[in-house]
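A short write-up of the structure that comes next.
The values are calculated or read from the model by the stated rules, or taken from the named source; none is laboratory data. As the structure is a computational prediction, the values presented were derived from the model and not from experiment. Quick reminder, even Gly has a Cβ in these numbers, built from the backbone with ideal geometry, and neighbours come from all protein chains shown. What goes into the accessible areas is simple: the full protein's heavy atoms, side chains included, and nothing from ligands, DNA or RNA. Shrake-Rupley method; radii C 1.70, N 1.55, O 1.52, S 1.80 Å.
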Amino acid sequence: MSSMYHRLRYRPVIAAAAVAGLALAAAACSSNSAAGNAATGSGGNVTISIDCAPPAAQQPQQNKEWLEDVAIFEKANPTITIHSVYNYPCDAVPATFTAMLRAGTETNLYYTYFTDLPQVLLAGQAANITKYVNSTTVPTLKDIVPSSLKAVTAGSTLYGLPTSNYTQGLIYNRQLFSEAGLNPNDPPTTWAQVETDATAIAKLGNGIEGWGDYSAGNNGGWHFSSYMDALGGSTVNDSGAAPTADFDNADGTAILEALHTLRFTDNAMSATQGLAWGTLQQQFAAGKLGMYIAAPDDIYNVIVPADKGNLSDIGMAALPSLTGTPAGSLSGGNDYMFSPKDTPAQIEAGIKWIDFEDLTPGDGQFNFARQKADGFPVGFPEPELFDGATGTKINQLRTASATINVSYYQSFINAQEPGDGEPYDAQAVYKTLDPVMLAVLTEPNANIPALLKQAESNVNTILANSAG
């Protein structure tokens, strides 16, 4: 179970939509809709409503810690009252989130994902908080990783504050490494090393595969984009006047050739392909998969609690690249934005709350000593919201209270892969790249140059339409 209140959603968006669709569509908003915008009190007092508070019924320990933090905060700030709006699951159903924006019924502070900013701005439902955020109101501001601040910024205008983030890395089975005669403390860093290690693991037999990947449900394109980031490229180049596809090149070719070789030359991948989100986690937990790429929350949210994998078997390293030094990683996360109906006093109070709950070492979500005492697993390298002195301090606190073997994740931590965000119109791009991944993993004679050329043309058409 994650110790974070504001859950990182299962990546990518399409997976979250599938999971959240099983829940009531109303789960993304409060049952008390009248609480959407709590009024400012009189006499200098102010009340702020905040959604995505953890409910007692579904998340009792998170609820306990949340209420403790509210009490601590209100005691330190007697003129501010927190009105908690409980949602479960907090992963917003896209249609419900859109309806909330259109109706303008969001809480004073409301939870969004890094990819939601364009939709929020189009709906006109974000307050400009630029003048309220500085090194005094948010002392750790200068250390927040640039990609996370970029996700809540349009031009030079700041619309929110990030609260959690992720980057992807290589998740690998230490037990299978040992059984295959490999060093579990020396995971692969290059695609050539991936090939060697995956082949050795696959030779164990008994249905064990060395490498796994997606090629359905938009997940194949999502992974391809992260591989591109690791090589220093970008699936979509948005540095110019208009975004353009940028993967029909040496980087894109190298990635697809590596995957095709793993599948058909090395026989290190399953003959069953067309896999979507959830299948690799199940295979990994069952001890049938050596390696795949994901973010740390795959381990503590899925592989261990849901799929019953053995935590002591799991290690994490940097994304594979051609050089052994990844240039970056696809990244994402979540944040809080502010309703345009908020008064200046509510914005100031909201920033003060986020600073305490989400951006201060030792407090709120970074109170690792309390998490350990409450029985949460501590030590996973996520979120990694900060560089500099703040990042160092948080990692020290996390390690001091760790309940897991942090050394198993050290190579991922040491890589410090910068987050590159998601490409423009990400889901449409991923969907277009899924068939490319599927062809490479199912066709022995796949024409990689032709696949890349056609996909880049298709993505450019999508980008021209969406940007226009």
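Which order do Trp277, Trp211 take by accessible area at a 1.4 Å probe, largest first?
The ranking, largest first, comes out as Trp277, Trp211.
Counting each pair of different Cα atoms once, what's the Kirkwood radius of region 148-254 in Å, rounded to one decimal?
16.9
On C-alpha positions alone, give me the angle between the axis of helix 426-442 and the longest principal axis of the chain, in degrees, nearest 10.
Taking the Cα atoms of the chain, the angle to 426-442 is about 20 degrees.
At q = 0.19, 0.22, 0.24, 0.26 Å⁻¹, what log₁₀ I(q)/I(0) does region 64-136 have when each alpha carbon counts as one equal point scatterer in the Debye sum?
Debye intensities relative to I(0), on a log10 scale: -1.01, -1.13, -1.17, -1.21.
What order do you get for 156-169, 433-446, 125-138 when each peptide is scored by the mean count of other beta carbon atoms within 10 Å, highest first?
With the highest mean Cβ count within 10 Å placed first, the list reads 156-169, 433-446, 125-138.
For the chain, take the longest principal axis of its alpha carbons; what is the angle in degrees between that and the long axis of helix 250-260, to the nearest 10 within 0 to 90?
It is inclined by approximately 70 degrees.
How would the chain be classified by its alpha-carbon gyration tensor: rounded, prolate or oblate, with rounded meaning a/c under 1.5 and the a/b versus b/c comparison settling the rest?
Prolate.
Relative contact order for region 112-185 using alpha-carbon pairs under 8 Å, separation at least 6, rounded to a whole percent?
Taking the mean separation of contacting Cα pairs over the length of region 112-185, I get 26 percent.
What figure, in Å² to the nearest 10, do you get for the accessible area of Ile404 with a 1.4 Å probe and non-protein molecules left out?
For Ile404, solvent-accessible area is about 20 Å².
Whenever you get a sec, line up Glu257, Glu417 from highest to lowest accessible area (probe 1.4 Å, protein heavy atoms).
Glu257, Glu417
On average, how much area does the Cα convex hull of region 318-445 cover when viewed from any direction, in nm²?
12.3
Please work out how many pairs of lysine residues in the chain are eight or more positions apart (or on different chains) and have Cα atoms closer than 17 angstrom.
Lysine pairs, 8 or more places apart or on different chains, close enough: 13.
Output needed for region 256-389: three equivalent-ellipsoid semi-axes, defined as square roots of 5 times the C-alpha gyration tensor eigenvalues, in descending order, whole Å.
Sorted largest first and rounded, they come to 37, 20, 15 Å.
Ordered by packing density, taken as the mean number of other Cβ atoms within 10 Å over each peptide's residues, highest first, how do 212-220, 303-311, 189-197 rank?
With the highest mean Cβ count within 10 Å placed first, the list reads 212-220, 189-197, 303-311.
Relative contact order for the chain: what percent, with Cα pairs under 8 Å and sequence separation of 6 or more?
Across the chain, relative contact order equals 24 percent.
On a 1.4 Å probe surface of the protein chains, which of Leu275, Leu109 comes out largest in accessible area, and what is the full order?
So, going from the largest accessible area down, we get Leu275, Leu109.
Based on the alpha carbon coordinates of region 86-234, what radius of gyration and maximum Cα-Cα distance (Dmax) apply, in Å?
Here Rg and the maximum Cα pair distance are 21.3, 61 Å.
Picking from Gly309, Ser457, Ile293, whose Cα lies most toward the positive end of the charge dipole for the chain (charges on Cβ: Lys, Arg +1; Asp, Glu -1)?
Checked the options; the winner is Gly309.
Given the options Gly364, Ala258, Ala415, identify the residue whose Cα lies farthest towards the positive end of the charge dipole of the chain (+1 on Cβ of Lys, Arg; -1 on Cβ of Asp, Glu).
Gly364
Using +1 on the beta carbon of Lys and Arg, -1 on that of Asp and Glu, and nothing else charged, what's the dipole of the chain about the Cα centre, debye to 20?
It works out to roughly 720 debye.
For region 242-324, list log₁₀ I(q)/I(0) at each q in 0.19 Å⁻¹, using the Debye formula over Cα point scatterers of equal strength and ignoring solvent, two decimals each.
-1.00
If contacts are Cα pairs under 8 angstrom and at least 6 residues apart, what is the relative contact order of region 166-279 in percent?
28
Sort region 407-452 into rounded, prolate or oblate with this rule: let a ≥ b ≥ c be the square roots of the eigenvalues of the Cα gyration tensor; rounded if a/c is under 1.5, and if a/c is not under 1.5, prolate when a/b is larger than b/c, oblate otherwise.
Taking the square roots of the gyration eigenvalues as a ≥ b ≥ c, region 407-452 is oblate.
Quick check: Cα centre of region 83-128 to Cα centre of region 221-279, how many Å?
Rounded to whole Å, the Cα centres lie 31 Å apart.
Tell me, what does the Kirkwood hydrodynamic radius of region 104-143 come to in angstroms if you use every pair of distinct C-alpha atoms?
12.0
Using only Cα atoms, find the angle between the long axis of helix 60-76 and the longest principal axis of the chain, and express it within 0 to 90 degrees, rounded to the nearest 10.
40
Report Rg (one decimal) and Dmax (nearest whole number) for region 186-232, counting Cα atoms only, units Å.
Spelled out, the Cα radius of gyration and Dmax of region 186-232 are 12.6, 37 Å.
Taking the Cα centre of region 306-414 as origin, sum charge times position over the Cβ atoms of Lys and Arg (+1) and Asp and Glu (-1), and report the length of that vector in debye to the nearest 20.
In debye, rounded to 20, region 306-414 gives about 260.
To check you understand DSSP bridge types, tell me what percent of the beta bridges within the chain (both residues inside) are antiparallel, rounded to 5.
Antiparallel bridges: around 70 percent, rounded to the nearest 5.
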